[in-house]
Amino acid sequence: MERYQNQAMAHAVAILGNPTDAEDALQEAFLDAYRALDRFDEGRSFYSWFYTILRNRCWKLLGSRNRPDRAAENVEILAASGGNLDQTLALGEALARLQVESREILTLRHLDGLSYEELSVRLGIPIGTVMSRLFYARKQLQATLGGKR
Amino acid sequence: MTCEEWRVAAMALADGEMPPVSRAAIETHLVTCDGCRRVIEELQELASTWDGQRRPDCYVDLWPAIQDRLRRPKRPCWLPYSSLSSWLTWLRTQAWRYGCK
């Protein structure tokens with residue numbers, strides 16, 4: 001758990017756009033995972049399995065609290081690593097305005113470097129859907145960044 | 001295929017992935033379709049905005065709270081009807097519905 005909690009927290013923040021909710025979802029997800037540990041297939045990556053549980057918890061939270069699926073604009077979805085800070089801020093703000101599904105697939109692809117096949121497993125969708133979802137998410141991001149300029 | 005489908009396939013190719021149609025077919029389409037070529041060029045340019053970005057470092061320690069939750073005794077399984085009279089009402093309704101008089 002210790003090994004994954006910081007990474008999982010960053011993922012939950014990217015989905016929920018709010019650290020307090022992310023912590024709640026993460027706590028519930030760890031409990032769910034603990035209870036379902038006997039159903040974990042050891043041939044599969046633990047984090048990939050856990051991410052599915054975490055994602056379900058995040059969506060449940062989004063649904064139950066009837067929150068808008070946009071993140072708070074001041075939430076930190078990105079950090080610059082030697083890059084341009086203005087660019088990080090602009091991209092972070094644009095991501096916060098996107099729909100959850102778009103923000104999720106873009107960050108998994110561009111920040112975690114997941115391949116289409118890995119995205120397909122992680123998100124539980126066919127590769128064809130990964131392709132189109134990623135394409136439309138990029139179009140949304142482009143429009144959002146363009147609108148801010 | 002529609003232009004939108006060509007664009008999705010061309011982006012997959014640009015990402016180094018296996019598109020649903022051949023590379024040659026995509027390249028041929030991009031040579032002949034200015035609209036698609038422009039969209040792909042713009043999206044490839046957009047990809048550079050991700051350079052040098054990473055996820056923020058999040059430090060959380062959820063273990064004490066989780067440990068606390070695990071130590072708590074399991075909640076009893078409450079029945080949907082808490083009082084005897086409401087159970088009897090429910091049973092009567094079911095008996096009536098299924099014709100047991």
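No lab work stands behind these numbers, since they all come straight from the coordinates. Worth saying up front: this structure is predicted, and the values here are computed from it rather than measured. Neighbour counts run over all protein chains shown; Cβ positions are idealised from the backbone, glycine included.
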When the Karplus curve 6.51 cos²θ - 1.76 cosθ + 1.60 is applied with θ = phi - 60°, which whole-Hz ³J(HN,Hα) does each residue of region B:16-31 get, with x for Gly and Pro?
x, 9, 8, x, x, 10, 6, 4, 4, 5, 5, 4, 5, 5, 5, 5
Taking r as the C-beta separation of A:LEU37 and A:TYR136 and R0 as 41 Å, the FRET efficiency to the nearest 0.05 is 0.70
Over chain A, with a Gaussian network built from C-alpha contacts below 10 Å, which listed residue (A:GLN99, A:GLN27, A:GLN87) shows the highest mean-square fluctuation?
A:GLN87
Averaged over its residues, how many other protein chain Cβ atoms are within 10 Å of peptide B:34-42's Cβ atoms?
1
Note to self, chain A gives a 222 nm [θ] from helices alone (DSSP H runs n ≥ 4, -39500 (n - 2.57) apiece, / all residues, nearest 500) of -23000 deg cm²/dmol
Between A:GLN99 and B:TYR98, the two model label points (7 Å from Cα along the beta-carbon direction) sit apart by a distance in nm of 4.5
